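Q: Sharing a structure here in structure tokens format.
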Amino acid sequence: MNIVRLITVVLLPLLPLLAQAADNDPSYLGIPAVTYKETDNGGEYSISIQILAIMTLLGVLPSLLIMMTSFTRIIVVMAILRQAIGLQQTPSNQILLGLSLFLTLFIMMPVFRVINADAVQPYLAETITPMEAAERAVKPLHEFMLAQTRENDLQLFMRISGREDIASPEETPIHILIPAFITSELKTAFQIGFLIFIPFLIIDLVVASILMAMGMMM
């Protein structure tokens, strides 16, 4: 209640100023309606809607970076490697995240270059519509994820979705490909981590056997 009172006290003196501004300019307090302008390439939404879409995209950008790139595989393998070495907090989580992020950028840079050349730059030059830019940006990511997705995982999610009109993997919709890609990445990450873990486990067993043979119980 104190916060509500404080906001009321702050905004109450501004009401006459807002009313005077509205009298001088009726559109001062109004929000432009959603407009759709026909262009040669199809159509384009108003600038306010584009800004709203960009702000919404920034909110889900971390999830897109994690789920649609190689970040998941790298961070899982790094965490398993740290556990295999026997170190609890060294290197720290911040170092693992930073290393995984820059390795992901290094791996995904060819894809990002294609997106920048085919989607971002034409959109900034106003030669294509936002919808065309989104479609062009998704295509390189679709190709990357499809190349890294196991066929069994892809078929599994196709069966779950009930889609029987997909003739080839290249025609897989993005909403089916993303969960299949994530599942496949997790499987691959745990397999790589298991193979890395085995040498360290063997070393631990050998050292434990030697110590027990010498009568040194740890």
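The values are calculated or read from the model by the stated rules, or taken from the named source; none is laboratory data. Quick caveat: nothing in here was measured; it's all calculated off a predicted structure. Virtual Cβ from ideal backbone geometry, glycine too; neighbours counted across all protein chains shown. Side chains are part of the model used for accessible areas, which takes the heavy atoms of the whole protein and leaves out ligands, DNA and RNA. Shrake-Rupley method; radii C 1.70, N 1.55, O 1.52, S 1.80 Å.
Q: Go through (1) farther than 24 Å from I115 by Cα; (2) open to solvent by less than 70 Å² (accessible area, probe 1.4 Å); (3) modelled with pLDDT under 85 and name the single condition I174 misses.
A: Single failed check for I174: (1).
Q: If you don't mind, there's one more thing I want to ask. Does any residue of the stretch 114-124 turn out to be within 19 Å of T188 (Cα to Cα) and open to solvent by 30 Å² or more (accessible area, probe 1.4 Å)?
A: Start the filter on the stretch 114-124 by keeping residues that are within 19 Å of T188 (Cα to Cα), which leaves none.
Within the stretch 114-124 (the criterion being within 19 Å of T188 (Cα to Cα) and open to solvent by 30 Å² or more (accessible area, probe 1.4 Å)), the answer is no, since none of the residues qualifies.
Q: Quickly run through the stretch 64-90 and pick out the residues that are of a type outside the set (G, A, S) and within 16 Å of F200 (Cβ to Cβ).
A: We begin by selecting, within the stretch 64-90, every residue of a type outside the set (G, A, S); these are 64-69, 71-78, 80-83, 85, 87-90.
If the condition is that a residue be of a type outside the set (G, A, S) and within 16 Å of F200 (Cβ to Cβ), then V77, M78, I80, L81, R82, Q83, I85, L87, Q88, T90 are the ones that fit.
Q: Also: Any chance the stretch 131-140 includes a residue that's in contact with a strand residue (DSSP E or B) (Cβ under 8 Å, 6 or more places away or on another chain), within 22 Å of T56 (Cβ to Cβ) and at pLDDT below 85? Walk me through how you get there before you give the answer.
A: Just the residues of the stretch 131-140 that are in contact with a strand residue (DSSP E or B) (Cβ under 8 Å, 6 or more places away or on another chain), to begin with: 131-132.
So of that shortlist, the ones also within 22 Å of T56 (Cβ to Cβ) come out as 131-132.
Next, only the ones that are at pLDDT below 85 stay: 131-132.
Within the stretch 131-140, one or more residues are in contact with a strand residue (DSSP E or B) (Cβ under 8 Å, 6 or more places away or on another chain), within 22 Å of T56 (Cβ to Cβ) and at pLDDT below 85.
Q: Also, quick follow-up: L103 fails exactly one of the following numbered conditions: (1) open to solvent by 30 Å² or more (accessible area, probe 1.4 Å); (2) at pLDDT below 85; (3) in contact with a helix residue (DSSP H, G or I) (Cβ under 8 Å, 6 or more places away or on another chain). What is the number of that condition?
A: It fails just one condition, (2).
Q: Let me ask something else. What are the residue pairs meeting all of these: first residue in the stretch 173-186, first residue under 17 Å from F71 (Cα atoms), second residue surrounded by fewer than 17 Cβ atoms within 10 Å (Cβ to Cβ), Cβ atoms under 6 Å, and 6 or more apart or on different chains?
A: I182/M67; S184/R150
Q: Further question: May I ask you to verify whether D153 is at pLDDT 85 or above and either open to solvent by 50 Å² or more (accessible area, probe 1.4 Å) or of a type outside the set (A, V, I, L, M, F, W, C) (or both)? Steps first, please.
A: On the way: at pLDDT 85 or above: yes; either open to solvent by 50 Å² or more (accessible area, probe 1.4 Å) or of a type outside the set (A, V, I, L, M, F, W, C) (or both): yes.
Spelling it out, D153 is indeed at pLDDT 85 or above and either open to solvent by 50 Å² or more (accessible area, probe 1.4 Å) or of a type outside the set (A, V, I, L, M, F, W, C) (or both).
Q: Say whether the condition of being under 29 Å from H142 (Cβ atoms) and in contact with a Phe, Trp or Tyr (Cβ under 7 Å, 6 or more places away or on another chain) is met by at least one residue in the stretch 179-199.
A: Yes, some residue in the stretch 179-199 is under 29 Å from H142 (Cβ atoms) and in contact with a Phe, Trp or Tyr (Cβ under 7 Å, 6 or more places away or on another chain).
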